[in-house]
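**Q** Okay, here's the structure, questions in a sec.
The values are calculated or read from the model by the stated rules, or taken from the named source; none is laboratory data. Not measured: the values here are computed from a predicted model. Counting neighbours? That spans all protein chains shown, and the Cβs are built from the backbone with ideal geometry, glycine included.
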Amino acid sequence: MIKILLADDDFLVRTYLSQLIDWERYGYSLVGVARDGEEALQMADEYHPHIIVTDISMPVLDGISVIRLLRSRGNDARIIALSCHDDFEYVKEAMKLGADEYVLKNLLTEKSFLELLEQMKGKIRVSEEGSVFQNTEEERDYYSRLLRDENAEQNTKDGFHISAAMAVRIVHASEPFEALDLEHREKFDISFAQVCCESCKKLPVRCVPIRQTLYAVLLDLNGVVSIYERQQLVQQSASMLLRYCERYLSVNVQIGTSKVYHLQISPSRCWQEAVGCLNERFYVNQTIFYGWQTADCGKEIPPEARMFCSNIASYMERKDSSAIHVGWSEALDAFERNHTEARLVREWLRQTDHSAGVEPRPVPEHFSDLEGMELKYLIFQEDLLPDDQQYSDTVRSAVRYIRENFQSRISLNEVADSVHLNATYLSHIFHKETGVTFSEYLMSCRVNKAKELLLRANLKVKAVGIQSGFGDHRNFIKMFKKATGMTPQEYRKKTI
């Protein structure tokens, strides 16, 4: 019999909850009804309930304090938090501290209450049948080793069989992870595990911290027959986890999943598939990637990219703008075609800068599309090819005009007028000789000027944008980040 404890300071709510369902009929025993948080703690110590249903806002001791004290005493009862519409911040805090679920009082019905209790009962069952390592450091070490060892086999001593894995990477948090001390990090790990359990509903699940912002979520789907149903469950769990992390933990995550399996599968292979899917974020602007939908990522730097890196020094010596432009474009096309691992692309970018003899620039974590990478190339080319002596007189005059006037709102027509050509023809020969379009060259001049001005600490970022030729502040932020991988504020902080 599952023991239940209710806690609410409102007499009508206590009465309503007490009489809402036929407890014994559904396998529950109502062991206590508390009028405030202090009484709830006393009853929890006395009756050891499996499930505690507590109001968030109570006199003497509120629900948040009750949850905090219960967890600090090692009480692992399942907790359902009751709240009102204006209690949302309390709800987030409750979930962080280890509450399993919350429900709005005005939406509570017999059916919804029973469903909640059944979910809690399922979690209790999984916990009781689970590994002897459950929720311990020993368990985390065990699964960490299992995921690292390519030769490790599934260990069935705890009845848990890995059928699928999710790699969850935290990409943004309200508080920087580097600032969290060990105690708060451990609390976050516990809260994250709670959110994982809730997201995966009745599925047996294990949550393993891998490193500071990366978690492994392992799923046991052996009770589900068809591959399609298994995929559906993984999709539902990943989508729910994405929402719950943002709602309750104030973090944004990216999720990669492995394929789903019926037969025994190497845990390491399962995990590597999930991590590999996260590589897709480098090429595709989304947040969840499924192993059965994504292509395998390239494990080597493509020949086109290696060749460009090898030849960049000679291209520079010859001041061959066209060769640089074509070689760079071919390298990027090869990376995208092969879905080369992001870390390899970044490594290649660093090597290319080194081969070129220029100071390495900050590399963005990911490029939303090839246009962003092309713009980085344009800034790169501006550094490599400052000399305009290679150009025809007409293009050299156009380049000079752009360099002298890029801080104002100049246009292609204006530049064409200055060299006595029509805009279409100037655009053609400018691109042919420089390897870049008029707009691209103009943008590179403005970004380089912005970099220079950002070194002046007393100059506001908005003023930097205006003086660099960006009329719109929002456009300045967008284009600068696309070119450098950082916002102007981030660039200033790193360089000053």
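**Q** Across the range 418-436, which residue is surrounded by the most Cβ atoms within 10 Å (Cβ to Cβ) among those that are in contact with a helix residue (DSSP H, G or I) (Cβ under 7 Å, 6 or more places away or on another chain) and part of a helix (DSSP H, G or I)?
**A** PHE430
**Q** Checking GLN489 against (1) out of contact with any Gly (no Cβ under 6 Å at 6 or more places or on another chain); (2) farther than 27 Å from MET316 by Cβ; (3) in contact (Cβ under 8 Å) with a residue 60 or more places away in the chain, only one condition comes out false. Which one?
**A** (3)
**Q** Within the range 30-46, track down each residue that is loosely packed, with under 14 Cβ neighbours inside 10 Å and under 42 Å from the mean Cα position of the chain (by Cα).
**A** Of the range 30-46, the ones loosely packed, with under 14 Cβ neighbours inside 10 Å are 42, 45-46.
Passing the criteria: GLN42, ASP45.
**Q** Condition first: modelled with pLDDT under 90, part of a helix (DSSP H, G or I) and surrounded by 18 or more Cβ atoms within 10 Å (Cβ to Cβ). Can you find one or more residues in the range 404-417 that meet it?
**A** Within the range 404-417, none of the residues are modelled with pLDDT under 90, part of a helix (DSSP H, G or I) and surrounded by 18 or more Cβ atoms within 10 Å (Cβ to Cβ).
**Q** Hey, among SER226, SER250, SER237, SER199, which residue is closer than 26 Å to TYR102 by Cβ and surrounded by fewer than 18 Cβ atoms within 10 Å (Cβ to Cβ)? Can you show your working first?
**A** On the way: SER226 fails: closer than 26 Å to TYR102 by Cβ; SER237 fails: surrounded by fewer than 18 Cβ atoms within 10 Å (Cβ to Cβ); SER199 fails: surrounded by fewer than 18 Cβ atoms within 10 Å (Cβ to Cβ).
Answer to the check: SER250.
**Q** Tally time: how many residues in the range 225-236 are more than 20 Å from TRP271 (Cα to Cα) and of a type in the set (A, V, I, L, M)?
**A** The total comes to 1.
**Q** Could I ask something else about it? Name every residue in the range 445-480 that is of a type in the set (D, E, K, R), surrounded by fewer than 19 Cβ atoms within 10 Å (Cβ to Cβ) and touching a residue at least 24 places away in the same chain (Cβ under 8 Å), in order of residue number.
**A** Residues of the range 445-480 that are of a type in the set (D, E, K, R), as a first pass: 446, 449, 451-452, 456, 460, 462, 472, 474, 478.
Among the residues that remain, those that are also surrounded by fewer than 19 Cβ atoms within 10 Å (Cβ to Cβ) are: 449, 452, 456, 460, 462, 472, 474, 478.
Scanning the range 445-480 gives a single hit, LYS449.
**Q** Looking only at residues in the range 1-29 that are of a type in the set (A, V, I, L, M, F, W, C) and in a strand (DSSP E or B), which one is surrounded by the fewest Cβ atoms within 10 Å (Cβ to Cβ)? Let's see the steps before the verdict.
**A** The initial filter retains those residues of the range 1-29 that are of a type in the set (A, V, I, L, M, F, W, C), namely 1-2, 4-7, 11-13, 17, 20-21, 23.
From what's left, in a strand (DSSP E or B): 2, 4-7.
Numbers: ILE2: 19, ILE4: 26, LEU5: 23, LEU6: 24, ALA7: 27.
That would be ILE2.
**Q** Condition first: in a helix (DSSP H, G or I) and over 23 Å from VAL195 (Cα atoms). Can you find one or more residues in the range 46-65 that meet it?
**A** Initially, the range 46-65 is screened for residues in a helix (DSSP H, G or I), giving 46-47, 63-65.
Next cut, over 23 Å from VAL195 (Cα atoms) only: 46-47.
Checked the range 46-65: at least one residue is in a helix (DSSP H, G or I) and over 23 Å from VAL195 (Cα atoms).
**Q** Hey, can you tell me all the residues within the range 241-269 that are of a type in the set (A, V, I, L, M) and in a loop (DSSP other than H, G, I, E, B)?
**A** Step one: of the range 241-269, the residues of a type in the set (A, V, I, L, M) are 241-242, 249, 251, 253, 255, 260, 263, 265.
Answer for the range 241-269, where residues must be of a type in the set (A, V, I, L, M) and in a loop (DSSP other than H, G, I, E, B): VAL260, LEU263, ILE265.
**Q** Could you list, in sequence order, all residues of the range 185-223 that are free of Cβ contacts under 8 Å to residues at least 12 places away in the same chain and assigned to a loop (DSSP other than H, G, I, E, B)?
**A** Matches in the range 185-223: GLY223 only.
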